[in-house]
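For reference, the structure is listed below as structure tokens.
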Amino acid sequence: MESLLEWMRRYISPVFLALLVASFILWYIAKLSYTYSTRQHVKVEVDGVPFEVTCVVQGIGTNLFGYRVYMNKTLRIPLASLQYKVSPEEGHEDKIILDSKSLQSAIAVRLSDIKVLSIDGVPEIDNPAKK
């Protein structure tokens with residue numbers, strides 16, 4: 001290991017390494033200014049019933065990176081703001097089926113700086129009114 005460090009000190013200038021790191025950082029920042037589409041897992045709580053949905057979102061790379069790294073909070077959405085119906089299946093009488101478009105628009109309002117393109121697989125949830 002020491003021989004590698006000695007070789008690097010002898011043949012590679014510290015100024016070159018500093019400029020190489022600075023150029024990588026600037027390139028990364030420049031790439032994050034483009035618009036990207038990706039899948040984002042979003043934690044949602046509807047009147048005390050937590051679940052997670054996968055959304056396809058579009059936005060500027062810095063905003064998407066910020067949501068991916070820093071967003072650990074749960075989006076609280078009141079059931080009154082969503083369209084839903086009671087599950088007709090036997091054994092699922094206490095479950096409700098949320099309308100995916102109304103859930104998508106409710107999530108989009110709360111994630112204002114990125115665009116929610118679609119939602120994958122909205123699960124049946126327990127009816128909060130029956131708790």
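We did not get these values from a lab; they are worked out from the coordinates using the rules stated. On a predicted model such as this, the values are computed, not experimentally measured, just so you know. FYI the Cβ positions are ideal-geometry reconstructions off the backbone, even for glycines, and counts take in every protein chain you see.
Across the chain, how many lysine pairs, 8 or more apart or on two chains, come within less than 13 Å at their alpha-carbon atoms?
Lysine pairs, 8 or more places apart or on different chains, close enough: 4.
Beta carbons within 10 angstrom, averaged per residue: use that to sort the peptides 45-51, 19-25, highest first.
Peptide ranking by packing, descending: 45-51, 19-25.
Working out 0.36 nm times the residue gap between His41 and Glu2, then minus their Cα-Cα distance, what length gain in nm do you get to one decimal?
Difference between extended and current length: 9.6 nm.
Would you compute, from DSSP H runs of 4+ residues alone, the mean residue ellipticity of the chain at 222 nm, taking -39500 (n - 2.57) per run and dividing by the full residue count, rounded to the nearest 500?
Value at 222 nm, helices only: -11500 deg cm²/dmol.
Among (1) 15.9; (2) 16.7; (3) 18.1, which one is Kirkwood radius over Cα pairs in Å computed from these coordinates?
Computed from these coordinates, Kirkwood radius over Cα pairs in Å corresponds to label (3).
Using a basic spin-label model with each label point 7 Å from the Cα along Cα→Cβ, how many nm lie between Asp99 and Lys73?
2.7
Applying 1/(1 + (r/R0)^6) with R0 = 30 Å to the Cβ-Cβ distance of Ser112 and Gln83, what FRET efficiency is obtained, to the nearest 0.05?
0.90
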